[in-house]
Amino acid sequence: MKITSAEFVKSAFNRSHWVNDGRPEIAFLGRSNVGKSSLINSLLARRGLARTSNTPGRTQSINFFLINDGFYFADLPGYGYAKVSKTMRADWGKMAEEYLAKRDELALCIQLVDARHEPSKLDLQLNEWLEHYEKPHVVVATKSDKLSRTDLQRSLNVIKRTFAGVDVIAYSSQTAAGRDEVWSRILEAVGHRA
Ligand code: GTP
Ligand code: MG
């Protein structure tokens with residue numbers, strides 16, 4: 001995949017701030033600290049474009065990136081960080097459900113889970129929403145570099161069994177393993193408007 005341009009467009013804190021020029025959009029969703037921003041940077045081969053951090057729960061807005069002038073990446077806030085307040089947790093649900101229900105431009109949702117762990121209740125709930133709102137989606141298992149080949153295979157089997165019927169791609173933002181596979185799903189979804 002040749003990236004001719006990748007630029008941060010804006011941070012949106014509510015619906016009126018979402019980009020609205022009709023270009024197709026790829027959303028990145030998953031638990032706080034699972035590696036959403038790192039996956040975006042790795043896919044785009046731009047190190048600091050999406051801000052990554054060791055402080056989970058930091059991104060509270062939807063961050064939009066315009067790729068090759070043809071489609072958007074939307075980096076959504078993470079969920080499930082234990083230390084955020086109840087109000088913030090409820091806000092996440094509202095924001096995510098509104099986004100998934102109303103975002104017609106959504107061409108593909110990339111749901112991230114940590115390759116080292118069994119999916120959590122919230123991961124399952126998000127997956128149910130994706131099914132319910134009939135959003136095309138794929139599961140990406142991040143941080144695959146932290147597991148041996150055998151453990152990774154075992155873990156992928158558990159994840160596949162948990163999300164029955166969904167494709168699961170193993171990814172490492174450190175080695176870029178899985179990059180071609182994820183890109184091919186994205187390009188398929190945006191109709192090769194790259
Ligand atoms: P929030 O924005 O808080 O929701 O987090 P996020 O999902 O965007 O996670 P982020 O990309 O900021 O990554 C969190 C931490 O995990 C960072 O320290 C990353 O360097 C690390 N990380 C992310 N992906 C990988 C990976 O594939 N391999 C390894 N080893 N570390 C990773
Ligand atoms: Mg992030």
Exercise for review: If a/c stays under 1.5 just call it rounded; otherwise compare a/b with b/c (prolate if a/b is bigger, oblate if not). Do that for the chain, with a ≥ b ≥ c from the square roots of the Cα gyration tensor eigenvalues.
Suggested key: rounded
Review point. Got a number for the accessible area of H17? Probe 1.4 Å, square angstrom, nearest 10.
Key: 80 Å²
Check your understanding: How large is the accessible surface per residue of segment 122-166, computed with a 1.4 Å probe and reported in Å² as a whole number?
Key -> 58 Å²
Check your understanding: Taking amide H positions as placed 1.01 Å from N in the peptide plane, with prolines and chain starts having none, which residues 5 or more places from E118, or on another chain, fall under 5 Å of its amide H?
Key -> none
Exercise for review: Using θ = phi - 60° and the Karplus relation 6.51 cos²θ - 1.76 cosθ + 1.60, list the HN-Hα couplings for segment 128-136 in order, rounded to whole Hz, with x at every Gly or Pro.
Suggested key: 5, 4, 4, 5, 4, 8, 6, 8, x
Practice item. Quote the accessible area belonging to I67 in square angstrom, nearest 10, computed with a 1.4 Å probe and with ligands, DNA and RNA left uncounted. Key: 0 Å²
Point to revise | Gap separating the Cα centres of segment 13-46 and segment 125-194, nearest whole Å | key: 15 Å
Point to revise | Under 28 Å from the Cα of K121 - lysines, other chains or at least 8 residues apart | key: K36, K83, K86, K94, K102, K135, K143, K146, K160
**Study point:** segment 3-25 residues near the modelled Q60 label - backbone nitrogen below 16 Å, point 7 Å along Cα→Cβ
**Key:** 11-15
Practice item. Mind telling me which of L122, L66, L49 comes out most flexible in a GNM of the chain, alpha-carbon contacts under 10 Å? Key: L122
Review point. If amide H atoms are built 1.01 Å from N in the plane of the peptide, which residues on other chains or at least 5 residues away come under 5 Å of the amide H of A141?
Key: V113, I169, A170, Y171
Exercise for review: Report relative contact order for segment 6-193 in percent, whole number only (criteria: Cα-Cα under 8 Å, sequence separation at least 6).
Suggested key: 23 percent
Practice item. For the chain, with a Gaussian network of springs between Cα atoms less than 10 Å apart, report the residue from S37, S11, S120 with the top mean-square fluctuation. Key: S120
Point to revise | Hz values of 3J(HN,Hα) by residue in segment 14-30 - Karplus curve (6.51, -1.76, 1.60), Gly and Pro given as x | key: 8, 4, 5, 9, 4, 5, 9, 9, x, 5, x, 10, 10, 9, 10, 10, x
**Study point:** Electrostatic dipole magnitude of the chain [Cβ: Lys, Arg +1; Asp, Glu -1; Cα centre; debye, to 20]
**Key:** 680 debye
Review point. Check K10: other-chain or 5+ apart residues with amide H under 5 Å from its amide H, H built from backbone geometry?
Key: F64
Review point. Carbon and sulfur: what percent of segment 6-193's accessible surface (1.4 Å probe)?
Key: 45 percent
**Study point:** Rounded FRET efficiency, nearest 0.05, which uses the C-beta distance separating V158 from D104 and R0 of 30 Å
**Key:** 0.35
Check your understanding: If you put +1 on each Lys and Arg Cβ and -1 on each Asp and Glu Cβ, how big is the dipole of segment 95-176 around its Cα centre, in Debye rounded to 20?
Key -> 440 debye
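The values are calculated or read from the model by the stated rules, or taken from the named source; none is laboratory data. It should be emphasised that the depicted structure is a prediction, and the values quoted were computed from it without experimental measurement. Note that each Cβ is placed from the backbone with ideal geometry, even for glycine, and that neighbours are counted across all protein chains shown. Just so you know, the surface numbers come from the protein's heavy atoms only, side chains and all, with ligands and any DNA or RNA stripped out. Shrake-Rupley method; radii C 1.70, N 1.55, O 1.52, S 1.80 Å.
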